Amino acid sequence: MRSEQSGEGEVPVVVPYVIEDAGREMTLNTSAMWSDCIVTIPYKLYEMYGDVSFLAENYEAMRRFVAAREKTMEEGLIAKGFEFGDWLAMEVDPLLERAEFASTDKYLIANFLHVNVLDIMAKTAKVLEKGEDAARYQRERDKMLARVQKEYITEGGRLASETVTAHALALYFHIVPEKFRAKVAASLNERVRRHGCRVVTGFIGTPCLLFALADNGYPETAGKVLMNIGSPGWLYEADMGATTIWERWNTILPDGTPNPDGMNSCDHYAYGSVMEYFYRRIAGIEPIAPGFRSVRISPVPCKGLARVNASFESASGLIRAGYEQKDGKIVFFAEVPEGVAAEFVSPDGRKAGFCGSFSYSCPWEELGGPVFTIESTVREIFSNPVAGRAFEQAFEGVFHPMELHYLKNSAERLAFARQYLISKNKLSGEAFDERLALLNKLYSER
């Protein structure tokens with residue numbers, strides 16, 4: 001990236017740059033989440049390895065990028081220049097000529113992320129003992145945050161953009177004033193559930209989504225998004241035969257054909273970012289000091305995952321953490337290398353420092369159980385072709401085609417279908433429950 005960076009600090013969106021005749025905007029720019037990784041990657045490497053050389057070697061390139069970013073600003077906010085925005089999000093205006101560009105305002109995203117870039121610059125300068133730079137970047141970050149809050153957050157705490165991505169970024173990057181945090185988190189949760197807990201965020205919103213939910217009071221919703229078998233979602237891809245994560249949520253359509261819009265990479269990094277959530281929240285492995293010299297193990301058990309066993313080869317050695325739930329109890333376990341200070345924080349609030357290995361058990365709800373319950377919607381089931389075929393087999397001959405058409409296109413849950421069939425004397429409650437169990441059996445044997 002340093003070798004491709006311009007003298008003024010701009011960075012191409014592809015490195016090494018091999019795209020011919022793409023124009024200057026694509027060749028050199030300062031786009032959020034693409035070009036600004038010349039700032040974010042060195043600091044992430046420092047956090048992961050504890051090696052200051054990642055910062056020292058790249059500081060000048062980082063500084064020049066921030067200077068170049070100022071050329072895209074008007075009155076202190078990014079307002080011009082090329083931006084991908086929340087690339088390939090499913091939350092999109094259907095009338096847009098190019099559906100790759102999502103509905104979330106691209107400059108809102110750019111400004112939110114630039115607050116984080118300035119925060120990283122202040123932290124980097126402090127680590128490198130560049131006191132004047134650290135103070136200057138901290139002042140710039142604070143001024144930028146104030147301008148962003150004034151521009152994009154109303155006096156009552158609503159966001160100027162009402163998309164899932166805007167809410168997730170506002171929470172994840174601490175853009176929202178503390179007094180409005182609960183309000184924005186509740187709005188995010190409501191919007192995610194309105195989408196049936198399916199993933200509608202793109203390249204920028206997706207890495208933040210589950211963290212924004214779980215860290216702000218809605219871990220159950222985060223779990224529902226993660227384990228949702230509907231489309232768009234991670235488990236839909238698995239049911240469609242994926243062994244790697246796709247570039248688009250709809251790279252392969254329900255009928256098995258490739259998306260006709262192209263860009264159908266079946267092995268793409270962006271949505272694979274969800275694995276960070278597995279390690280840092282579900283297993284709970286969180287670095288407290290650079291290089292994992294000290295860690296916090298703070299697990300967030302997920303409905304549908306009754307057993308989790310995570311291991312991470314950190315710069316300080318192998319770290320293991322996870323849990324197993326059965327018979328009304330859950331057993332958490334953790335193991336850290338010699339010399340690593342560790343703290344365990346359980347979901348019920350218990351804290352304990354430890355060295356070496358640690359375990360803790362407490363009462364816990366059942367995490368296993370069937371994929372489909374009476375709370376599942378028929379629309380969700382039929383958005384996954386494998387599940388849809390299992391449903392048709394399990395409930396063969398029960399629904400009139402018009403009845404099934406209504407259920408597929410509504411938000412009605414199986415509880416509604418159950419009561420409807422009982423009222424029409426088509427099935428008894430016991431017979432419905434048997435067919436629901438058959439649905440789960442057929443799906444599990446897919």
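Bear in mind these aren't lab numbers, they're just calculated from the coordinates by the rules spelled out. The structure displayed is predicted, hence computed values, not measured ones. Cβ sites come from the backbone with ideal geometry, for glycine too, and all protein chains shown count toward neighbours.
Calculate the FRET efficiency for K303 and E338 from the Cβ-Cβ distance with a Förster distance of 30 Å, rounded to the nearest 0.05.
Efficiency at R0 = 30 Å is approximately 0.30.
At 222 nm, what value in deg cm²/dmol follows for the chain if DSSP H runs of at least 4 each add -39500 (n - 2.57) and the sum is divided by all its residues, to the nearest 500?
-12000 deg cm²/dmol
Which is the longest run of the chain containing none of the GluC sites (Glu not before Pro) found in DSSP loop states (not H, G, I, E, B) with at most 13 other C-beta atoms within 10 Å?
The reported range is 163-337.
Along region 309-324, what does the Karplus equation 6.51 cos²θ - 1.76 cosθ + 1.60 (θ = phi - 60°) give for ³J(HN,Hα), rounded to whole Hz, x for Gly and Pro?
Going residue by residue, I get 9, 10, 9, 9, 8, 7, 5, 9, x, 6, 10, 10, 7, x, 7, 9 Hz, with x marking Gly and Pro.
Between region 312-356 and region 389-416, how many Å separate their Cα centres?
44 Å
Shape of region 201-263 from its Cα gyration tensor (a ≥ b ≥ c, root eigenvalues): rounded if a/c is under 1.5, otherwise prolate when a/b > b/c, or oblate?
It is prolate, given that a/c is not under 1.5 and a/b is the larger ratio.
Find the all-direction average of the projected area of the Cα convex hull for region 1-152, expressing the result in square nanometres with one decimal place.
Averaged projected area of region 1-152's Cα convex hull equals 10.1 nm².
Connecting C-alpha atoms closer than 10 Å in a GNM of the chain, tell me which of P258, P363, P401 has the biggest fluctuation.
Comparing P258, P363, P401 in a Gaussian network model of the chain, the most mobile one is P401.
Taking K80 as the anchor, which lysines have their alpha carbon closer than 16 Å to its alpha carbon, excluding any fewer than eight residues away along the same chain?
Straight-distance partners of K80: K71, K106.
I need to check one value: relative contact order of region 1-152, counting alpha carbon pairs closer than 8 Å and at least 6 residues apart, in percent.
20 percent
Amide H neighbours of A342 under 5 Å, counting only residues 5+ apart in sequence or on other chains, H built in-plane at 1.01 Å?
Hits under the 5 Å cutoff: V295, F354.
Among the listed pairs K143/K183; K303/K441; K150/K303; K224/K351; K224/K424, which are separated by more than 30 Å between their Cα atoms?
K150/K303; K224/K424
For I285, which sequence-distant residues (separation of 5 or more, or a different chain) have an amide H within less than 5 Å of its own amide H, given hydrogens modelled in the peptide plane?
Here R280, S298 satisfy the definition.
List the relative contact order of region 378-444 as a percent without decimals, with contacts defined as Cα pairs under 8 Å and 6+ residues apart.
With pairs under 8 Å counted, the relative contact order is 44 percent.
Tally Lys and Arg at +1 and Asp and Glu at -1 over the other residues with C-beta under 13 Å from the C-beta of A134: what net charge comes out?
Result for the neighbourhood of A134: +1.
Which whole-Hz ³J(HN,Hα) couplings does region 355-364 yield from phi under the Karplus relation 6.51 cos²θ - 1.76 cosθ + 1.60, θ = phi - 60°, glycine and proline marked x?
Going residue by residue, I get 10, x, 10, 7, 9, 7, 10, 7, x, 7 Hz, with x marking Gly and Pro.
Can you give the local net charge around T244? Use residues other than it whose beta-carbon is closer than 11 angstrom to its beta-carbon, Lys and Arg +1, Asp and Glu -1.
Computed value for this residue: -3.
Please state, as a whole number in µm²/s, the translational diffusion coefficient that the Stokes-Einstein equation yields for the chain at 20 °C and 1.002 mPa s, with Rh defined as the Kirkwood radius across alpha carbon pairs.
D, rounded to a whole number, is 89 µm²/s.
Specify the residue with the greatest mean-square fluctuation among S357, S423, S53, computed from a Gaussian network of the chain linking alpha-carbon atoms under 10 Å apart.
So, out of S357, S423, S53, the one fluctuating most is S423.
Return, for the Cα atoms of region 86-166, the radius of gyration and Dmax in Å, separated by a comma.
Rg, Dmax (Cα atoms, Å): 16.1, 51.
Among K326, K424, K179, which one shows the biggest mean-square fluctuation in a GNM of the chain, springs joining Cα atoms closer than 10 Å?
Residue with maximal mean-square fluctuation among K326, K424, K179: K424.
So what's the gap between the Cα centers of region 1-15 and region 138-173, to the nearest angstrom?
28 Å
Go through G272, Y236, A289 and say which Cα lies farthest out towards the positive end of the charge dipole of region 233-381; charges sit on Cβ, +1 for Lys and Arg, -1 for Asp and Glu.
The one lying farthest along the dipole's positive direction is A289.
Before anything else, pin down the relative contact order of the chain: Cα pairs under 8 Å, at least 6 apart, normalised by residue count, whole percent.
Dividing the mean separation by the residue count of the chain yields 9 percent.
If you rank H167, H174, H195, H400 by fewest surrounding Cβ atoms within 10 Å, what's the result?
Arranged by neighbour count, lowest to highest, H167, H174, H195, H400 become H400, H174, H195, H167.
What shape does region 378-444 have by the C-alpha gyration tensor, where a ≥ b ≥ c are the square roots of the eigenvalues, rounded means a/c under 1.5, and otherwise prolate means a/b greater than b/c and oblate the rest?
Oblate, because a/c is 1.5 or more while a/b does not exceed b/c.
Could you state the angle between the C-alpha long axis of helix 385-394 and the longest principal axis of the C-alpha atoms of the chain, as a value from 0 to 90 degrees rounded to the nearest 10?
20 degrees
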